[in-house]
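These notes are about the structure you will find just below.
The values are calculated or read from the model by the stated rules, or taken from the named source; none is laboratory data. Since the structure is predicted, the reported quantities are computational estimates derived from the model, not experimental observations. Virtual Cβ from ideal backbone geometry, glycine too; neighbours counted across all protein chains shown. To get the accessible areas, we keep the full protein, side chains included, count just its heavy atoms, and leave off ligands, DNA and RNA. Shrake-Rupley method; radii C 1.70, N 1.55, O 1.52, S 1.80 Å.
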Amino acid sequence: MTSARMTDSPASTRNRIDLLLFAGLTAIISGSLWLLLAWMGGDVTAGGSLAIFAVATSGPSMAALILYLTRTRRLPRSERRYPVSAPWLWVPAALVLGAAPAVLAGLIVAPEALAASIADVPDVVASLGGAGMFIVTFLIAGPLAEEFGWRGYAQPRLRRSLGLLATSAVLGVAWWVWHIPLFFLPGTAQAYMGFFTLESLGFAISFVPLCLIYLFVSERLGGGVWAAILLHFTSNVSLTLLPDASVLASVARLAVIFVLAAGVYFAWRPDARGPLASTA
């Protein structure tokens, strides 16, 4: 009886509506512009297509912003989910957890290739416009464009009714589905990867354990959306500067992600793995 009342409470209903609106707005913003780019043809990261592509990939964060501005009833201070705290915990954790899969996979499978990639870092950064442009590009493309939506808006709402694993599964699948159109837009990293490949399969499988790691730094360590942004940034940079040298390296990187996800799950207090709070 209590469970039914909680499920049907006004707060729970509003929570579901918020999530449905977020999903719908994200699909409309990103999907419509990706369809436009597909109709235009050509490399989506070149010329006039780049601006459209940038807006399209910002769909999650733009949807969150629209909902924050239009659905103005704020939660009481006592119910706000992610007060950012303890940067001495989440900053190093985000940096280490973001870089660890690429670094450890390289060390395990191909240390010589890893050393060569490290030696090539200055050239790669220079080819992308220098250190300043490199940082700005990788900060905007992915971290800022997505995380205010995925981790800033959707994740805390899912956590009001779901545990760690269920939240990671739901958000991980949504995050993966959102990426699928990128496989069919020339110029993207996903199109270069190819949809029907082992690399694409590993990419898809990684989303759920990655969501658990993002949960750890944002919620458990108190970093909120800023920890997710830093983790996303570090992960993307490490993959660019230290790419997988082989299929075996890709498998090793995926294995490291699962080990890290399992580690942060079991490091979480057992009594805190359920929903954050009642929605009643």
Sort Phe196, Phe53, Phe207, Phe258 from largest to smallest accessible area, using a 1.4 Å probe on the heavy atoms of the protein chains. Phe196, Phe258, Phe53, Phe207
Per principal axis, descending, Cα span of region 123-171 in whole Å: 46, 16, 10
Show Tyr192, Tyr265 ordered by accessible area, largest first, where the area counts protein heavy atoms only and the probe is 1.4 Å. Tyr192, Tyr265
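In square nanometres and to one decimal, what's the mean projected area of the convex hull around the Cα atoms of region 128-231? Intermediate values should be presented prior to the final figure.
Values: hull surface 28.4 nm².
With the hull built on Cα positions only, its mean projection is 7.1 nm².
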Taking max minus min of the Cα coordinates of the chain on each principal axis, largest first, gives extents in Å of 60, 45, 35
Under the Karplus relation with 6.51, -1.76 and 1.60 and θ = phi - 60°, whole-Hz ³J(HN,Hα) for region 249-261, x at Gly and Pro, equal 5, 5, 5, 5, 5, 5, 4, 4, 4, 5, 5, 5, 4
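Near Phe22, within a Cβ-to-Cβ distance under 13 Å, what is the net charge of the other residues, with Lys and Arg +1 and Asp and Glu -1? Provide the component values of the computation, followed by the final result.
Details: positive: Arg14, Arg16, Arg71, Arg151, Arg157; negative: Asp18, Glu146.
Once all neighbours under 13 Å are counted, the net charge is +3.
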For Trp178, what accessible surface area do you get with a 1.4 Å probe? Give it in Å², rounded to 10. 20 Å²
Taking the convex hull of the alpha carbon atoms in region 10-142, what volume per residue do you get, in Å³? 195 Å³
Check which residues have an amide H placed less than 5 Å from Leu276's amide H, if you skip close sequence neighbours. Arg160, Ser161, Leu162
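Around Leu201, with a cut-off of 15 angstrom between Cβ atoms, what is the net charge of the other residues, counting Lys and Arg +1 and Asp and Glu -1? Intermediate values should be presented prior to the final figure.
On the way: positive: Arg253; negative: Glu199, Asp244.
Computed value for this residue: -1.
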